[in-house]
Amino acid sequence: MEQTTHTQQLINTAKAMVRDFKGLVAIDESVATLNKRFEKAGIPQTEEYRRAYREVLTTTPGIGDEINGAILFDETVHQQTADGIPFLEVLNKAGIIPGIKLDEGTEDLAGFPGEKVTRGLDDLADRLKGYADLGLKFAKWRAVILIDGALPTTACIVSNTHALARYAAACQRAGIVPIVEPEVIMDGNHTIERCAEVTESVLRSLFEQLYLLKVELGGLILKPNMILPGAAHAQKSDPETVAKFTVSCLRNAVPATVAGIAFLSGGQDAVTASKNLNAINLNYKTELPWPVTFSFSRALHQPALEIWKGKAENVKAAQDSFLQLAKANTAARRGEFKI
Ligand code: 13P
């Protein structure tokens with residue numbers, strides 16, 4: 001069947017986000033989240049320092065050779081480098097597609113203690129139009145699913161996957177490719193098997209909702225968690241085990257027509273995240289129907305933040321760190337990562 005121009009444009013953008021063995025970078029931390037990371041690193045928590053940090057990352061020489069797209073926070077979209085060049089222009093010049101975080105964080109899910117639902121649907125169509133007019137090509141929405149005893153409830157899973165699907169449909173209507181991010185978070189002492197079970201049911205629910213709302217899967221990127229034991233679980237899993245569980249879960253629940261899979265790092269340290277991504281791509285090369293890449297925040301640039309410390313004399317070293325981790329992950333995407 002011939003695709004309409006609108007649909008074909010979405011498909012083209014989604015393909016461009018995962019092409020050439022490159023990945024995505026999330027630099028879309030909210031003011032509160034970035035301020036928290038700044039506080040830990042001894043960096044002043046001001047708009048100017050947040051702007052300066054985004055300048056360190058987006059002006060890293062050579063970063064466009066490793067990264068196809070950058071997810072931005074609203075504040076950054078309207079800011080410029082110290083030399084007065086808008087960040088959107090910096091990214092476009094580097095060949096990096098700019099995207100925008102559209103969710104507005106989480107709130108308690110009424111009636112379900114300990115569970116969250118993501119906010120931001122109310123004025124979504126207006127916000128999408130504004131960002132599309134500014135030239136943003138894709139968006140991100142994060143849902144948070146916690147594993148704790150009997151949690152998550154079906155109510156929590158369906159509330160969040162339904163919101164993700166409504167967001168995705170609204171994005172596509174506005175000509176913007178949705179990244180859908182249902183994050184089963186690593187906190188807790190659950191086993192890797194429990195993470196696999198919960199993630200698979202979340203993904204099955206997600207694709208049911210996406211189907212219901214007529215979302216075009218070829219114009220969508222899935223941003224899932226890897227399948228890991230809880231951070232407090234006594235037993236750690238090696239990359240081969242993580243890859244086995246992760247690939248099995250994704251193959252069971254994610255249609256082959258999805259344009260690409262770009263993992264979040266979820267609190268794994270940089271080397272572990274790269275090793276796991278590498279094992280997935282190396283061990284299952286012939287079994288993955290989608291490009292499988294990265295869309296990390298912390299595992300790509302938390303070390304850069306700690307090196308930078310808000311000081312001009314550290315910019316070069318911070319950029320070197322960011323570039324090195326980006327290269328490590330493009331290597332992992334090829335199954336060629338070595339430490
Ligand atoms: P992490 O890679 O630090 O988990 O962040 C990814 C992200 O975009 C969270 O929404």
Review point. So for the stretch 62-157, Kirkwood radius off the Cα pairs, Stokes-Einstein at 10 °C and 1.306 mPa s: how many µm² s⁻¹?
Key: 102 µm²/s
Revision key, fill the gap. Note on the stretch 33-163, DSSP bridge orientation, antiparallel percent to nearest 5 equals 40 percent
Check your understanding: When the Kirkwood radius is taken over all Cα pairs of the stretch 17-76, what Stokes-Einstein diffusion coefficient follows at 4 °C and 1.567 mPa s, in µm²/s?
Key -> 104 µm²/s
Review point. Counting pairs of alpha carbon atoms under 8 Å apart in space and at least six apart in sequence, what relative contact order in percent does the chain give?
Key: 19 percent
Study note, to complete from the structure: Between the modelled labels at D238 and N12 (7 Å from Cα along Cα→Cβ) the distance in nm is 4.6 nm
Exercise for review: Name the lysines eligible as straight-distance cross-link partners of K116: C-alpha to C-alpha under 21 Å, and not fewer than 8 places from it in the same chain.
Suggested key: K36, K101, K140, K223
Point to revise | Positive-pole candidate from H233, V158, T13, dipole of the chain, charges at beta carbon | key: T13
Point to revise | Calculated FRET efficiency for the pair E39/T153, C-beta based, R₀ 41 Å, to 0.05 | key: 0.75
Point to revise | Label point at A231 placed 7 Å out along Cα→Cβ; residues across the stretch 136-165 whose backbone nitrogen lies under 13 Å | key: 147
Review point. If the stretch 236-339 were replaced by its equivalent ellipsoid, with semi-axes equal to the square roots of 5 times the Cα gyration tensor eigenvalues, what would those be, largest first, whole Å?
Key: 28, 13, 12
Check your understanding: Looking only at Cα atoms, what is the convex hull volume of the stretch 73-125 per residue, in Å³?
Key -> 111 Å³
Check your understanding: Calculated FRET efficiency, E197 and F112, Cβ-Cβ r, R0 25 Å, to nearest 0.05?
Key -> 0.85
Practice item. With springs connecting C-alpha atoms under 10 Å apart, model the chain as a Gaussian network and identify which of A318, A110, A168 has the largest mean-square fluctuation. Key: A110
**Study point:** For the chain, built as a Gaussian network whose Cα springs stay under 10 Å, the top-fluctuating residue of G99, G120, G23
**Key:** G120
**Study point:** Size of charge dipole - the chain - debye, nearest 20, with Cβ of Lys, Arg +1 and Asp, Glu -1, no other charges
**Key:** 680 debye
Point to revise | In order through the stretch 248-259: 3J(HN,Hα) via Karplus (6.51 cos²θ - 1.76 cosθ + 1.60), integer Hz, x for Gly, Pro | key: 4, 4, 5, 5, 6, 10, 10, x, 5, 7, 4, 5
Study note, to complete from the structure: Full extension between Q324 and R173 adds, at 0.36 nm per residue less the Cα distance, a length in nm of 50.6 nm
Check your understanding: For the stretch 111-235, what number results from the quotient of the Cα radius of gyration and 2.2 N^0.38 Å?
Key -> 1.11
Review point. Dividing the alpha-carbon radius of gyration of the chain by 2.2 N^0.38 Å (N being the number of residues), what value is obtained?
Key: 0.93
Study note, to complete from the structure: Residue by residue through the stretch 329-338, the couplings from Karplus 6.51 cos²θ - 1.76 cosθ + 1.60 with θ = phi - 60°, in Hz, x for Gly and Pro, are 7, 5, 5, 4, 5, 8, x, 10, 6, 9
Review point. Anyone know which of G84, G62, G135 comes out most mobile in the 10 Å Cα GNM of the chain?
Key: G84
Review point. Lysines near K40 by alpha-carbon distance under 23 Å, same-chain residues fewer than 8 away left out - which ones?
Key: K309, K311, K316
Review point. Label 7 Å along Cα→Cβ of Y211; the stretch 250-265 residues with amide nitrogen under 20 Å?
Key: 250-261
Check your understanding: Under 15 Å Cα-Cα from K285, which aspartates and glutamates qualify once same-chain neighbours fewer than 8 residues away are excluded?
Key -> E240, E336
**Study point:** Solvent-free Debye scattering, log10 I(q)/I(0), computed from the Cα coordinates of the stretch 106-165 at q = 0.23, 0.27 Å⁻¹
**Key:** -0.90, -1.11
**Study point:** Rounded to 5, percent antiparallel among DSSP beta bridges of the chain
**Key:** 15 percent
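Every read-out reported here was derived from the displayed coordinates using simple, explicitly stated rules and does not represent laboratory data. In this text, all values refer to a predicted model and were calculated from it rather than measured experimentally. Ideal geometry is used to build each Cβ from the backbone, glycine not excepted, and the neighbour counts take in all protein chains shown.
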